[in-house]
């Protein structure tokens, strides 16, 4: 046995497995076969390996904050929540964005830069890591927390989200309570967890009310205004257009406003609109937008506190936190016009 402590990569090579597999064994993940686990554990013992987080690291007072998209008011609210907590903790924040259309993972260059500056921790926002990237951060002893996960996070990755399904239910139930029966939905990307949950909440509310959901009423966007505009025009062009639309992001909802204005229609006289997020501009729309509030600043602040706890070597009370959403009633919803 050597005095030098082996790296995770060296253990993987000696055991004939991948670095992510070694990471799973080290972190007690169940999704490893017994024979593979036994082989890896034997190498861990003989190579004098110790878990990265048990190794001493000098804190540098810096965390990385990674967004999928920085060019939105949504991102600015999240940044405000992170900065508030980080400032009080005298911790700097390095902000970066995932580059490339429809990508949710940072690239290799980001990981190399992170290793160079030795950040204390990483906060991912609506983004994710590959298994190999997660294993490399484990090797570096850098903890990760995800805010609003793009996909289902691994069992050993803490996360903070919102009650998106319940928000989708409350938005749809509100429209049903006003007397709407033809209700459409414009969701976000289908590969994003929060988007699927919102649309599932819409479907659940419609099913509970005994209302049919034509496939043409379920549209897909990308959380941005142009797709809200485009998909609303598609809905208006149907032989039997909806009288109300649940739009799964405020920015898309404002795009829906533009489409209706272009067709000479009024909100809510000709169509009721409910958004999701409660961004600052929602209250300044004409008319002000009824929307589901998700507590973005609070989510970001909670994620930052969790990350700083991990950096300090503390155990989290729970690895999964969901903050409540709430319906904010404004003037963009009303009962359908008689005969509609």
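The values are calculated or read from the model by the stated rules, or taken from the named source; none is laboratory data. Only a predicted model underlies this, so the values are computations on that prediction, with no experimental measurement involved. Every residue, glycine as well, gets a Cβ built from its backbone with ideal geometry; the counts of neighbours run over all protein chains shown.
Residues in the stretch 32-54 that are at pLDDT below 80, assigned to a loop (DSSP other than H, G, I, E, B) and surrounded by fewer than 17 Cβ atoms within 10 Å (Cβ to Cβ): 3 in all. Checking each residue in the stretch 326-340 for being surrounded by 16 or more Cβ atoms within 10 Å (Cβ to Cβ) and in a loop (DSSP other than H, G, I, E, B) picks out 330, 332, 333, 334, 336. On the given criteria, is residue 318 buried (at least 21 other Cβ atoms within 10 Å of the Cβ) and in a loop (DSSP other than H, G, I, E, B)? No, not satisfied.
When residues of the stretch 160-183 are filtered for being within 26 Å of the chain's Cα centre (by Cα) and in a helix (DSSP H, G or I), how many remain?
Of the stretch 160-183, the ones within 26 Å of the chain's Cα centre (by Cα) are 160-175, 183.
Next, from what is left, pick out any that are in a helix (DSSP H, G or I): 164-175.
Qualifying residue count for the region: 12.
Scanning the stretch 96-125 for residues that are closer than 21 Å to residue 153 by Cβ and modelled with pLDDT of 80 or more returns 96, 97, 110, 111, 114, 119, 120, 121, 122, 123, 124, 125. Checking 323, 279, 289 one by one, the residue that is in contact with a helix residue (DSSP H, G or I) (Cβ under 7 Å, 6 or more places away or on another chain) and surrounded by fewer than 16 Cβ atoms within 10 Å (Cβ to Cβ) is 323 and no other. Within the stretch 230-252, being in a helix (DSSP H, G or I) and under 23 Å from the mean Cα position of the chain (by Cα) holds for 231, 250, 251, 252. Does any residue of the stretch 188-196 turn out to be assigned to a helix (DSSP H, G or I) and either at positive phi or more than 19 Å from the chain's Cα centre (by Cα) (or both)? No, the stretch 188-196 has no match at all.
Scanning the stretch 110-130 for residues that are surrounded by fewer than 21 Cβ atoms within 10 Å (Cβ to Cβ) and within 18 Å of the chain's Cα centre (by Cα) returns a single hit, 130. Residue-level check: of (1) at pLDDT 90 or above; (2) touching a strand residue (DSSP E or B) at 6+ places or on another chain (Cβ under 8 Å), residue 153 misses just (1).
Is it the case that residue 144 is buried (at least 22 other Cβ atoms within 10 Å of the Cβ) and under 19 Å from residue 315 (Cβ atoms)? In short, yes. The set of residues in the stretch 198-221 being surrounded by 20 or more Cβ atoms within 10 Å (Cβ to Cβ) and either farther than 22 Å from residue 263 by Cβ or assigned by TED's automatic domain parsing to the domain that holds residue 152 (or both) consists of 198, 199, 201, 202, 205, 206. Of all residues in the stretch 174-181, none are in contact (Cβ under 8 Å) with a residue 12 or more places away in the chain, surrounded by 20 or more Cβ atoms within 10 Å (Cβ to Cβ) and in contact with a helix residue (DSSP H, G or I) (Cβ under 8 Å, 6 or more places away or on another chain). The single residue among 29, 57, 5 that is closer than 22 Å to residue 129 by Cβ, part of a loop (DSSP other than H, G, I, E, B), at pLDDT below 70 and over 29 Å from the mean Cα position of the chain (by Cα) turns out to be 57. When the stretch 67-100 is filtered for residues that are more than 24 Å from residue 293 (Cβ to Cβ) and part of a helix (DSSP H, G or I), the ones remaining, listed by number, are 87, 88.
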